[in-house]
1. Please identify every one of the chymotrypsin sites (Phe, Trp or Tyr not before Pro) in the stretch 126-203 that sits in a loop by DSSP and has no more than 12 other beta carbons within 10 Å of its own beta carbon.
2. Considering all projection directions equally, how large on average is the shadow of the alpha-carbon convex hull of the stretch 232-296, in square nanometres?
3. In the structure displayed, which of K36/K79; K262/K388; K238/K352; K36/K56; K114/K362; K24/K352 lie more than 30 Å apart, Cα to Cα?
4. What translational diffusion coefficient, to the nearest whole µm²/s, does the stretch 134-238 have by Stokes-Einstein, given a Kirkwood radius computed over alpha-carbon pairs, a temperature of 25 °C and 0.890 mPa s viscosity?
5. Where does the chain land at 222 nm, in deg cm²/dmol rounded to the nearest 500, when only DSSP H runs of n ≥ 4 count, each adding -39500 (n - 2.57), divided by all residues?
6. So how far apart, in nm, are the two label points at F27 and N344 if each is 7 Å from Cα heading toward Cβ?
7. Out of all Cα-Cα pairs in the stretch 76-328, roughly what percent, to the nearest whole number, are more than 34 Å apart?
8. Of the options I76, A407, M389, report the single residue whose Cα projects farthest towards the positive end of the charge dipole of the chain (beta-carbon charges: Lys, Arg +1; Asp, Glu -1).
Amino acid sequence: MSNLNQEHGKEAYIGPEAVLEKRKHYFFPCTHHFYKKPPQIVRGEMQYLYDDEGNKYVDFFAGVSVVACGHCNEQITAKTIEQLQTLQHTTTIYLTQPMVDLAERLANGILPGKLKRTFFCNSGSEANEGAMLLARLYTKRRDFIALEHGLHGRTYLTMGVTGIPMWRSDDYLDTGVTFIPRPYDPELDDEVAARHSLEALREVLAAKGDTIAAMIVEPIQGNGGMITPPDWYFREVKMLLERYGVLLIADEIQTGFGRTGKMFAMDHYGVVPDIISMAKALGNGVPIGAFATTDEIAASFNRPSASTFGGNPVSAVTALAVLDYIENEGLVERAEMVGGRLLNGLRVLQEKHSLIADVRGKGFMCGAELRGTDAQESAALTDAVLEKMKDRGYIIGKNGTGRNVLAFQPPIIMPSEDVNAMLNTLDDVLTAIEAEGC
Ligand SMILES: Cc1ncc(COP(=O)(O)O)c(C=O)c1O
């Protein structure tokens, strides 16, 4: 029996097989999990996760880009717990201070340009749904443009602009969405692919620009496989959209709050979007979502609206503590520096291992695309790498339209030593798979 089980009482843990069994009986079949042999995670501490047998894992996925400040970060959870024990919930109908403090904090020094008004909600999907509603109210237009293979959420509007087939679960999605090619094509040079994307945008706008409320984009497509457009791409997109009075919504749900080495990934492109949607890292694991815009655009959202839990004191106090932590610990600069080392390390592995077809990303948002002889083998190889890395103590994510991109989005506090050790282990795992197959 492990120390962990002794500490907490073994009966508290039913073990991974029993958890899987319960999922089979009581969850919907749409939910899935990584790994043939998934561990039961019972504890987290900064960059580490622990399973019920006391095995330790270095977490390079951060609960899909969420826990940027580390698991159960004591400086943050202390504030969360204090608020939980003081005042948990009232709704925005009543006056509480944390939500206005958070909105003020975002407006003064976090959000770019003239973005200064924030609406709080509970998740990324809700944030994008609200951002899209806002764009309709402001422009008095109905339709949207989105990039192929983007992911924006699981509500009706946000699933409608989601371009990854596997995440479009509804057969009756809105038809008022035009998808254009993303600025990436494995068969083309990145610059050429980005030009094609821009050309497609130009054509759509010329044909029906006056019906389009907004274009929604992830500055770096996360689920789509860490697609990182050339530096000029979003500047040109924004200029084109402005010509037609179409708003730009930046979905910074994965990329926001320092992950890419800037506070928001759009900063890399020198572009201030009209609306930014945020979630994930803002709460470091406590649910929160938000969208923000300018005074002028916000003024159009004057019909009654609300969110029962949006801006609740617990999430707002947590988010304020997260922003303090990011600032005090220099996490944005850290993501650029240590994340840069991770990206370079992956590129070195690419030189050595023919399995790695491409390495992409910025800061601590990196992807390594694996390619076998066909799509099926590429996905199987990726699963094999994930499983072997887990068995050696490393949690890595996976994404990409073919589910063949290793995703590295660790807590930003991840030390260089852990990055180096992970890269060495990945080197060994790839060597073994190349020798033996998966
Ligand atoms: C870029 C992006 N937008 C939106 C969402 C939806 O967020 P949520 O799952 O919090 O609703 C996700 C979730 O993974 C995401 O990655």
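Bear in mind these aren't lab numbers, they're just calculated from the coordinates by the rules spelled out. These figures come from a predicted structure and were not determined experimentally. Every residue, glycine as well, gets a Cβ built from its backbone with ideal geometry; the counts of neighbours run over all protein chains shown.
1. When the chymotrypsin sites (Phe, Trp or Tyr not before Pro) of the stretch 126-203 are filtered for loop state and at most 12 Cβ neighbours within 10 Å, Y172 remain.
2. Details: hull surface 18.8 nm².
With the hull built on Cα positions only, its mean projection is 4.7 nm².
3. Details: K36/K79 38 Å; K262/K388 32 Å; K238/K352 39 Å; K36/K56 18 Å; K114/K362 25 Å; K24/K352 41 Å.
Over 30 Å apart, Cα to Cα: K36/K79; K262/K388; K238/K352; K24/K352.
4. Working: Rh = 14.1 Å.
Here the translational diffusion coefficient equals 174 µm²/s.
5. Values: 14 runs with 172 residues, N = 438.
Helices in the chain give a 222 nm mean residue ellipticity of -12500 deg cm²/dmol.
6. Output for this residue pair reads 3.9 nm.
7. Value for the stretch 76-328 (Cα pairs over 34 Å): 15 percent.
8. Working it through, the farthest residue towards the positive pole turns out to be I76.
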